[in-house]
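The values are calculated or read from the model by the stated rules, or taken from the named source; none is laboratory data. Computed from a predicted model, the values in this text were never measured in an experiment. Ideal geometry is used to build each Cβ from the backbone, glycine not excepted, and the neighbour counts take in all protein chains shown. For the accessible areas, the whole protein counts, side chains as well, though only heavy atoms, and no ligand, DNA or RNA atoms are used. Shrake-Rupley method; radii C 1.70, N 1.55, O 1.52, S 1.80 Å.
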Amino acid sequence: MRLGRLSSFGAASVTLIITMLLCVLTTQAPAHALPAWPSISQGAGGADTTTVQYLLRQHGHGIPADGQFGPVTTSAVVSFQSSRGLVADGVVGPQTWPYLIVPVQQGSSGEAVRAAQTQLNKYGFGLGVDGNFGSVTNSAVRSFQSSHGLAVDGLVGPQTWQSLLGSSGGGSPSGHALPLDRSAVPRSAYAAPHWNSTPAVDLIVSYLPAYAVKSGVAQHYSSTSCGTGVRLLQPDGSRFVYCHLSARSTANGAQVPAGTRLGTTGDTGNSGAPHLHIEIRTSDGLARCPQSYLLAIYDGLQPPSLTSLPTSGCTAA
Ligand SMILES: [Zn+2]
């Protein structure tokens with residue numbers, strides 16, 4: 001009898017523990033910390049501004065979605081903030097985004113879907129911004145969620161919105177983005193010398209999204225040493241070279257903003273183990289040390305000009 005009681009108590013405890021564990025597992029935040037919401041205001045332009053405008057339209061503000069954050073957008077933001085009891089400063093930042101975003105998923109339609117499609121296109125998905133959340137948008141959302149450590153449910157809710165809006169620019173200086181998610185490698189990885197005599201940086205990661213550090217023209221590039229690569233061409237003739245990718249995400253010759261997913265890291269070409277090799281070449285053909293440039297982005301500072309970067313002192317050999 002006594003024994004029987006004990007084991008039924010034991011079984012109840014085990015059930016309780018399992019239930020608690022399941023609760024913890026199902027309510028747990030994603031493995032990656034979410035990036036910070038961007039702060040944008042009058043004078044800004046581009047995809048995040050267009051997103052703000054579509055979301056304001058969703059909330060009934062009849063402004064154009066032209067990607068230019070001018071006085072018309074500012075007054076719509078101020079009016080939206082007042083209506084929600086927020087500080088009416090015209091700045092769309094961490095205070096305002098949670099009120100402005102609207103959850104969307106397959107079957108949704110309207111301006112908030114256009115906003116989500118605009119954000120997804122920052123990552124190279126190439127969706128038609130038609131306001132209809134169909135199966136193509138659904139797979140893009142799931143792919144984004146999977147590559148950003150989010151629950152893969154196809155729902156663009158608060159965490160996915162924050163990740164979409166913040167992953168490329170969160171904590172980075174304006175117009176720049178880290179080549180990998182901030183959580184992918186420690187700061188010291190960007191400071192490490194390159195293993196051979198070529199100025200470059202090797203970031204040891206397997207199969208993760210690689211992003212454009214700056215806007216530019218994404219040109220497909222392949223060689224025996226680089227493997228599957230992408231060159232991010234700059235207007236002055238200099239370029240960032242990404243090597244050893246397992247796949248590319250952008251069309252050859254596409255003009256991309258900073259933070260666009262260029263591809264997935266990998267192990268192609270002359271590579272001993274999966275890693276991302278990044279090289280900076282200026283128009284004179286010289287390879288420049290990328291370390292101080294990437295560290296500035298990591299630290300949220302404006303990076304130095306490419307031509308001011310040293311051509312030696314960053315290699316181990
Ligand atoms: Zn390398």
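Checking SER146 against (1) buried (at least 18 other Cβ atoms within 10 Å of the Cβ); (2) within 15 Å of the chain's Cα centre (by Cα); (3) in a helix (DSSP H, G or I): exactly one of these is not met. Which one?
(1)
Look at region 98-143 and say how many of its residues are assigned to a loop (DSSP other than H, G, I, E, B) and either polar (S, T, N, Q) or touching a residue at least 12 places away in the same chain (Cβ under 8 Å) (or both).
Residues flagged as assigned to a loop (DSSP other than H, G, I, E, B) and either polar (S, T, N, Q) or touching a residue at least 12 places away in the same chain (Cβ under 8 Å) (or both) within region 98-143 amount to 19.
Is it the case that some residue within region 289-311 is at negative phi and assigned to a strand (DSSP E or B)? Spell out the reasoning first.
Here is the first cut: in region 289-311, the residues at negative phi are 289-299, 301-311.
From what's left, assigned to a strand (DSSP E or B): none.
Checked against the condition, which is being at negative phi and assigned to a strand (DSSP E or B), region 289-311 yields no hits at all.
Report, ordered by the first and then the second residue, all pairs with beta carbons closer than 7 Å, sequence separation of six or more or different chains, a first member in region 281-298 that is modelled with pLDDT under 95 and aromatic (Phe, Trp, Tyr), and a second member that is open to solvent by less than 50 Å² (accessible area, probe 1.4 Å) and not in a helix (DSSP H, G or I).
Final answer for the pair search is TYR298/LEU178.
Testing ALA210 on (1) away from the ligand (no atom under 16 Å from the Cβ); (2) within 22 Å of ASP48 (Cα to Cα); (3) hydrophobic (A, V, I, L, M, F, W, C), one condition comes back false. Which one is that?
(1)
Return the residues of region 259-284 that are small (Gly, Ala, Ser), open to solvent by 60 Å² or more (accessible area, probe 1.4 Å) and within 16 Å of the ligand (Cβ to nearest atom); say none if nothing qualifies.
Passing the criteria: only GLY272.
Please name all residue pairs, on different chains or six or more residues apart, with Cβ atoms under 9 Å, provided the first residue is in region 235-252 and is in contact (Cβ under 8 Å) with a residue 60 or more places away in the chain and farther than 18 Å from ASP202 by Cβ and the second residue is of a type in the set (D, E, K, R) and in a strand (DSSP E or B).
SER238/ARG281; SER238/ARG288; SER249/ARG261; THR250/ARG261
Considering only region 214-237, I want to know if a residue exists there that is among the β-branched types (Val, Ile, Thr), more than 16 Å from the ligand (Cβ to nearest atom) and part of a strand (DSSP E or B). Walk me through how you get there before you give the answer.
We begin by selecting, within region 214-237, every residue among the β-branched types (Val, Ile, Thr); these are 217, 224, 228, 230.
Retained after the next criterion (residues that are more than 16 Å from the ligand (Cβ to nearest atom)): 217.
Of the ones still in play, those that are also part of a strand (DSSP E or B) are 217.
The answer is yes; a qualifying residue exists.
Give region 164-189 a look and list any residue that's at pLDDT 90 or above and within 17 Å of THR118 (Cβ to Cβ), or say none.
LEU164, LEU165, listed by residue number.
Scan region 234-253 for residues that are buried (at least 16 other Cβ atoms within 10 Å of the Cβ) and either touching a Phe, Trp or Tyr at 6+ places or on another chain (Cβ under 9 Å) or not small (Gly, Ala, Ser) (or both) and jot them down.
Across region 234-253, the qualifying residues are GLN234, ARG239, PHE240, VAL241, TYR242, CYS243, HIS244, LEU245, SER246, ARG248, SER249, THR250.
Run down VAL213, VAL217, VAL256, VAL230 and say which single residue is surrounded by 19 or more Cβ atoms within 10 Å (Cβ to Cβ) and without any contact (Cβ under 8 Å) to a residue 60 or more places away in the chain.
VAL230
Among residues belonging to region 181-207 that are open to solvent by 40 Å² or more (accessible area, probe 1.4 Å) and under 13 Å from PRO274 (Cβ atoms), point out the one that is nearest to the ligand (Cβ to nearest atom).
Taking the candidates together, the pick is ILE204.
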